[in-house]
Structures are given as C-alpha cells and as structure tokens.
Amino acid sequence: MPRTLWAVSDLHVRAPGNLDLVREHVRPTNAGDWLIVAGDIAEDLDSIERTLGLLQSRFAQVIYTPGNHELFSRTSDTVHGRAKYDAVIAAAQRLGVLTPEDPYPTFAGRTIVPLFTLYDHSWRDSLMTPTAALAAARDKGIVLMDDLAIAPYEDIAMWCRDRLRYSVRRLSAVRGPTILVNHWPLVREAMQNVRHQEIGLWSGTRHTQQWPQRYRADAVVYGHLHIPVEFSLGNVTHTEVSLGYPRERKVSLPPRLEKNLWPYPVVTE
Ligand SMILES: [Fe+2]
C-alpha cells in the first residue's frame with residue numbers, strides 16, 4: 001500500500017473554527033501515512049499537547065517542530081523562553097512525536113530533519129544595523145508579538161546562533177537526500193511574497209540560505225508567513241503549508257482543498 005508524508009503548519013487551534021478544520025481535514029489517506037507539523041499549533045501547552053495527541057492517534061508518525069507562538073509566555077507563567085521550548089518538546093516526546101531533539105527518521109529514502117532555527121534580524125536592509133532596522137520597522141507600526149512574549153525572557157539572536165550550531169553539527173552527520181522542516185523559511189526568497197519586508201526581521205536568518213543545497217534537500221517545508229506558496233530554488237521545492245488565521249484561510253484554504261494540496265503531500269512511497 002502506498003504511504004504519504006503530509007505536511008501542515010500554523011494550525012493556530014485557538015482561532016475560531018481552526019480546530020474543526022484540523023479535525024475534518026488533517027487525516028491520513030492510508031494507514032501508514034506520516035504527518036509533519038511545522039509550528040504554531042498554539043501558545044498554551046494544553047492546546048499544543050491535545051492537538052499533537054489527536055494527530056499522533058491518526059497518523060503512523062508525527063514529526064513536529066515548534067514555531068514562535070509555542071514560545072509565547074506571560075510574566076505570570078512558570079516557564080519562559082528556552083524553558084518553554086523544553087516543556088513543549090517534552091510534551092511532544094511523551095506522545096511519541098518526533099522533534100528537533102530526536103534522531104532523524106527516514107521516509108521514502110529521505111532523512112526528515114525537523115529544524116528549529118529562529119531568527120537573528122539578519123534579513124534586513126544591509127545598510128542598517130539590527131537596532132536601526134528594528135527601530136525603523138517600529139516607526140512604520142510593524143511590531144511582532146514576539147517582542148512582548150519571547151524577547152523579554154530570551155536573547156533570540158543568541159538562541160538562534162546556538163540553534164544554528166546545534167543543527168549544523170547534526171546535519172553534517174546525515175548522508176543522502178533530506179527533507180528539511182522548519183517553522184521559519186530557510187531562504188530569503190520566501191520573503192518575496194510578503195508585503196512588508198520588515199517582517200523579515202523576525203522570519204529567518206541569512207545563515208540557513210545555503211542549507212537546502214548543502215544538505216541535499218529534495219524539499220523544504222515551512223510556515224510562519226501565512227502565505228501558502230510553492231517555489232523552486234536550485235532544484236529544491238520550498239512549500240509554505242500554513243492553515244493561518246480565519247481571515248487568511250478563508251481565501252487560501254478552499255483552492256488548496258480542491259486540489260488536495262492541504263494537508264500538503266510532500267512525498268509518496
Ligand atoms: Fe503562525
């Protein structure tokens with residue numbers, strides 16, 4: 001029986017109607033199907049855990065990497081920043097879900113690599129310093145919730161650097177073709193479809209630009225931008241697989257459902 005590796009991201013299950021759509025559409029076609037979930041399930045541990053539990057009960061294997069929303073916390077919460085990431089990962093692992101902290105599985109001859117690389121404000125106007133670029137974005141009214149719900153607790157650029165080092169060390173031990181999975185896009189070309197280029201400050205890092213080539217990716221699966229699109233760059237297909245918020249998915253979901261492109265079929269064996 002054929003089996004398919006499917007992918008979704010940005011389920012945002014706390015948004016009205018989103019969980020119903022997940023229940024209805026994120027289902028395997030065959031018993032052996034796997035599912036990638038590329039971040040932004042929700043902000044609270046409970047919703048993250050319940051959603052992963054539901055999906056893991058449906059698919060033979062779920063591969064998951066957190067997005068920025070999983071890292072959100074308030075002062076009154078018990079875990080923040082890296083501790084919040086660790087709590088989310090531990091919850092996923094208890095369910096048998098594979099994370100960026102687990103051995104990389106293989107599917108149809110490809111190593112699936114869930115990454116968690118964050119951003120470091122390097123996708124900016126090259127004439128500006130990070131501080132100046134962030135100030136200019138704020139002046140235009142462009143501010144991400146990350147600045148209030150992650151940045152007060154963690155130096156994100158520093159964390160990004162640690163994650164790049166960790167990922168490179170593990171990736172360099174992988175042989176053969178890969179499927180790279182990350183919440184944030186890996187290449188700056190993904191920003192071409194975004195209206196406000198300043199969003200790039202919180203959306204990736206220039207240090208992953210060559211990874212799809214260097215680590216022999218067949219496919220790159222990402223989310224974050226809530227702009228579902230597929231593009232090719234040097235023989236690698238990059239696909240944004242987000243569900244997104246109601247106002248976004250009302251437009252972007254029906255055409256994908258019609259063509260059976262959501263969940264997105266990454267590869268069939
Ligand atoms: Fe999102």
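Quick one: which residue in Leu55, Leu134 is hydrophobic (A, V, I, L, M, F, W, C) and open to solvent by 10 Å² or more (accessible area, probe 1.4 Å)?
Leu134
Does any residue in the range 1-28 that is on the phi > 0 side of the Ramachandran plot come within less than 9 Å, Cβ to Cβ, of a residue that is β-branched (Val, Ile, Thr) six or more places away or on a different chain, and which pairs are these?
Partner pairs satisfying both residue conditions: Asp10/Ile41; Asp10/Val241; His12/Ile41.
Can you name the residue in the range 142-188 that is over 19 Å from Asn68 (Cβ atoms) and of a type in the set (D, E, K, R) and is also surrounded by the most Cβ atoms within 10 Å (Cβ to Cβ) among such residues?
Going through the qualifying residues, I end up with Arg170.
State whether the residues of the range 112-124 include one that is within 16 Å of the ligand (Cβ to nearest atom) and under 18 Å from Val8 (Cβ atoms).
yes
What about Asp33, is it open to solvent by less than 50 Å² (accessible area, probe 1.4 Å), among the charged types (D, E, K, R), at pLDDT 95 or above and away from the ligand (no atom under 14 Å from the Cβ)?
So Asp33 passes the test.
For residues in the range 232-247 being in contact with a helix residue (DSSP H, G or I) (Cβ under 9 Å, 6 or more places away or on another chain) and open to solvent by 40 Å² or more (accessible area, probe 1.4 Å), which is nearest to the ligand (Cβ to nearest atom)?
For the range 232-247, the residue satisfying everything is Tyr245.
If you check Arg14, Arg74, which single one turns out to be surrounded by fewer than 16 Cβ atoms within 10 Å (Cβ to Cβ), within 16 Å of the ligand (Cβ to nearest atom) and part of a loop (DSSP other than H, G, I, E, B)? Write out each step before concluding.
On the way: Arg74 fails: within 16 Å of the ligand (Cβ to nearest atom).
When all the criteria are applied, what remains is Arg14.
On the given criteria, is Leu127 free of Cβ contacts under 8 Å to residues at least 40 places away in the same chain, open to solvent by 40 Å² or more (accessible area, probe 1.4 Å) and assigned to a loop (DSSP other than H, G, I, E, B)?
It is true that Leu127 is free of Cβ contacts under 8 Å to residues at least 40 places away in the same chain, open to solvent by 40 Å² or more (accessible area, probe 1.4 Å) and assigned to a loop (DSSP other than H, G, I, E, B).
Out of all the residues in the range 189-221, which are open to solvent by 50 Å² or more (accessible area, probe 1.4 Å) and either farther than 18 Å from Ala38 by Cβ or of a type in the set (A, V, I, L, M, F, W, C) (or both)?
Gln192, Arg195, His196, Gln197, Arg206, His207, Gln210, Gln213, Arg214, Arg216
The values are calculated or read from the model by the stated rules, or taken from the named source; none is laboratory data. Given the structure is predicted, the values throughout are model-derived calculations rather than measurements. FYI the Cβ positions are ideal-geometry reconstructions off the backbone, even for glycines, and counts take in every protein chain you see. Just so you know, the surface numbers come from the protein's heavy atoms only, side chains and all, with ligands and any DNA or RNA stripped out. Shrake-Rupley method; radii C 1.70, N 1.55, O 1.52, S 1.80 Å.
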